[in-house]
1. What strands (runs of 3 or more DSSP E) completely inside the range C:286-394 contain at least 1 residues that are within 14 Å of another protein chain (Cβ to nearest Cβ)?
2. Kindly list the number of the only condition in (1) more than 26 Å from B:L88 (Cβ to Cβ); (2) touching a Ser or Thr at 6+ places or on another chain (Cβ under 9 Å) that fails for B:G208.
3. Taking the residues in the range B:34-55 that are of a type outside the set (D, E) and assigned to a helix (DSSP H, G or I) as candidates, determine which candidate is nearest to the other protein chains (Cβ to nearest Cβ).
4. Quickly run through the range B:14-33 and pick out the residues that are within 8 Å of chain D (Cβ to nearest Cβ) and in a loop (DSSP other than H, G, I, E, B).
5. Going by the structure shown, is B:G152 touching a residue at least 40 places away in the same chain (Cβ under 8 Å), at positive phi and away from chain D (no Cβ under 14 Å)?
6. Identify, from the list C:Y296, C:Y338, the residue that is modelled with pLDDT of 95 or more, surrounded by fewer than 22 Cβ atoms within 10 Å (Cβ to Cβ) and of a type in the set (S, T, Y).
7. Kindly list the number of the only condition in (1) within 12 Å of another protein chain (Cβ to nearest Cβ); (2) touching a residue at least 60 places away in the same chain (Cβ under 8 Å) that fails for B:W58.
Amino acid sequence: MKEIRLHGRGGQGAVTAAELIAIAAFEDKKFSQAFPAFGVERRGAPVMAFARIADQPIRVRSQIYEPDYVIVQDVTLLEVVDVAGGLKPDGKIMINTDRPKEKLGLDTEAEIVTIDATTIALEELGRPIVNTTMLGAFCGATGEIGLEGLNKAILDRFTGALGENNLKAIKTAYERVSQ
Amino acid sequence: MQESLFAPGHRACAGCGMPIAIKLVLDAAGPNTIVASPTGCLEVTSTPFPESSWKVPWIHSLFENPASVASGIEIALKKFGRTDINLLVIAGDGSTFDIGIGSISGMFDRGHNITYICYDNEAYMNTGGQRSGSTPFYASTTTTPIGTQSPGNLVRKKDMPAIAVAHGAPYVATASIAYPVDLRRKVKRSLEIKGPAYIQINAPCITGWSYAEGDTIELAKLVVETCICPLYEYVNGELVGVKKVRNKRPVEDYLKTQGRYKHLFHVEGGEEYIANIQAIADRNAEKFGLLD
Amino acid sequence: MMRVAEGSYAIADAVRCCSPDVVSVYPITPQTHIVEHLSQLVANGELDCEYINVDSEFSSLSSLIGASAAGARTYTSTTSQGLALMFEVLYNASGMRLPIVMTTVNRALSAPLSIWNDQQDTFGVRDSGWIQLYAENVQEVMDLTPQLYRISEDPDILTPSMACMDGYILTHVYEPVEFLDPGLVKEILPPFSPVNVLDPEDPKTFGAFADPSWFTEFRYLQYKAMERALDLIGKVDKEFEETFGRGYGGLIDTYQADDAEILLVSLGSIVGTIKDAVDVLRKEGIKVGLVKIRSYRPFPVEALKEALKDASVVAVIEKDVSVGYQSALLTDIKGALYNTSIRVPIVGFAVGLGGRDVAMKQIRKIVENASKVKDEGLELETEFEIFGVNPECL
Amino acid sequence: MTRCGVSMVVEPGSTQVTKTGAWRTFVPVIDHDKCIKCSLCEIFCPDSCIHQVEGNFVPDLDYCKGCSICAHECPRGAIEMVLEDK
């Protein structure tokens, strides 16, 4: 089983991203689970969401304390949240930033993957909403979900031009981290 | 200006209208005040244990009972001879218009010396925007959604101030966060008049109404300038004052800025719905004499 | 068809398949997504029912009393404070033998206000005459929904029922679920055809008052109906399995229990986490197993006696505390075994109160504590523990 | 936390330990030359975080959530919302 923790801010779609991971994994014929860290946080406050992917039905329902992967939608969270907490040493953390990874001051043995998702999202979506773009990066950096399944999940969720633009943003992010 | 009695660090959404209302109410009431509040956005955003934004004594009990809790505070204070303390209920519209209306009726009926403030954002916003008795016509909420069989909410907004007037409450007023001087004056006046008072404050909700960041005060002005939300005050059942609207705007100016009314501009019959809202605004203008 | 859906959405769809005539709703977190999805189904014309937004939970259940007495199949959902506000109406519905079905989302009760999950709310109304079944996952709640209508509306039962599901953990999770086929639901759920309805053609009086010469008989008849429900719950679960291919074991279910020395007893969504913990502990050679309670009211005494009789120690894990004396499930299980020859030590752990997360390591610690009881015997002061209290408070 | 048995009430104004400034993406920058000291920004700030300091209105960035109401309501356009580089 692979466990993923997502960090974002209220209104940035972290829960939707977790949901899309679950749908994409299911498209890949795997079992999956996604849920928010339930809170009363309002727009702008730091929030978390979780996802699990496995070959068997998933029964465990606790939060995730030792994730294989961490997705950070907003680099400013590094100052207020221990985003790498419990991250497995052989895991990966994907961070939306244009800063070089050595300047992030992250305390982890895991691989750090940076991507300027905000710029990609502004170019492709016209808005700095990076939840889907970061999924492209997750897909490219980990291979835990397939691009095809992710694209299908996106089109189920977003219709029309918004869906197509999200696919473009995902593809750009996917290619950047795959290079 | 004195330091606010509602401390920062509360967890309301960025751009929320409610804390602006609370700040203004507390400015007017001053530190010699006790507040009772129901469950709702105000409660969960201002009192996450072990913290509190309140610099005046404050109590929460349940969703349906702040008027009864405040009634108890009032009679206890009376027993102790402390009749100089301002006593407020500050509640949202779900609690006020729906689940708590029985307690409010009792509070009015018994004639307690309490000012009941309703910050009105026109739906159950704390739980994610479901229809309340305050939701206006055609607003899309999560329990009156748009669909092939539904153009949004099909029940008129309950006239809560009229219900307060009908109870014989000696002071009843509506106010808006966009007019802070008027709002503070009304709170002060309610506290000077003995007996139960009801003040309903229009307070936009950025997530529930779905509008652009920073537009909170702009919308609070528009709802008054379109005459959808008339600002008035009743003393002993008599209409004693209204805020005049100098330049009446068409309701579209207000509706088009909000996601909850977006469908009115493209669904079949939308024009008729908008005309119905305009008719409500026009009736308000006439009934309260809002125009010169 | 299997697809990934949010728990609440899936429940709303299961309700749609049961074709309720009247749905009455009041918002309260974390139940609200269920009724929001139902309102969208109605707005889209996909569910033909009367949907009313009422002014309180008191009114939502009260309005269903009227609707059910008028012959309608009815639905509502609530949680926590809402259930507490319904308290008076709950007894009224069961006393009038109205087969209302309610999804009861489990959440802690105020004060302090908590919007998070525990099960003090439904345990608190265990005596109200409602059938209570607890579900482990979203699929089980979905599958329970038509089963509960079938059970509640049975002429020999006529008792309202609640499907208890853990708030957030099940209402807000996205996971793959098999959506119900409305055609198959019709096969196991016949149309609601009540004998007694409010009808001018055949005028009957509902809710008459009973003096002491009659009240006991009302409760006796309810008690007997609840006993009959013990059989029907298992029977309907089997019918459901034959039609849909999914069964849940009836009143209780077991996991790795056959040779278990340490038997954990629990209910609700925590059961899944416990099963994973059992697998891990089994690999370490610890003989631990699980008894999952599905039906809490009626309480499956005979099934539990059979399941627990060979254990060396029983550890009850529940998201409940009865302030003043231990917790509901623990004391019920002790009560069920007292007048028998089964003399297994029973200990209880209140976990997950007010939404505190319950992870595998807490289950491991509970098993360690239970194991100590097995080896060293039961100390009365450790018979019950509110688990994981901040040491500052001890 | 107060020990059990004693009241579990909390201290007045204590949300100030939580710096909601961490929520912010855009920060208000006030042009003091354009400012006419009307104090509307202070009145309308939902987070009670704009105050007059030595004559000038300044946002308390510990709490400012970047909602931009102050910028919208400033009658002289003296407040600009700027993407913050934290």
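1. Answer list for the range C:286-394: C:288-293, C:313-318, C:384-386.
2. Single failed check for B:G208: (1).
3. B:V44
4. Once the filter is applied, which keeps residues that are within 8 Å of chain D (Cβ to nearest Cβ) and in a loop (DSSP other than H, G, I, E, B), the range B:14-33 yields B:A14, B:G15, B:C16, B:G17.
5. Judged against the criteria, B:G152 is a match.
6. Answer to the selection: C:Y338.
7. Just one mismatch for B:W58, condition (2).
To keep it simple, each residue is scored yes or no on (1) buried (at least 22 other Cβ atoms within 10 Å of the Cβ); (2) at positive phi.
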site	(1), (2)
B:I201	yes, no
B:G208	yes, no
B:K221	no, no
B:N236	no, yes
B:K243	no, no
B:N247	no, no
B:G269	no, yes
B:Y273	no, no
B:R283	no, no
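The values are calculated or read from the model by the stated rules, or taken from the named source; none is laboratory data. Fair warning: this is a prediction, and the values are worked out from it, not measured in the lab. Cβ sites come from the backbone with ideal geometry, for glycine too, and all protein chains shown count toward neighbours.
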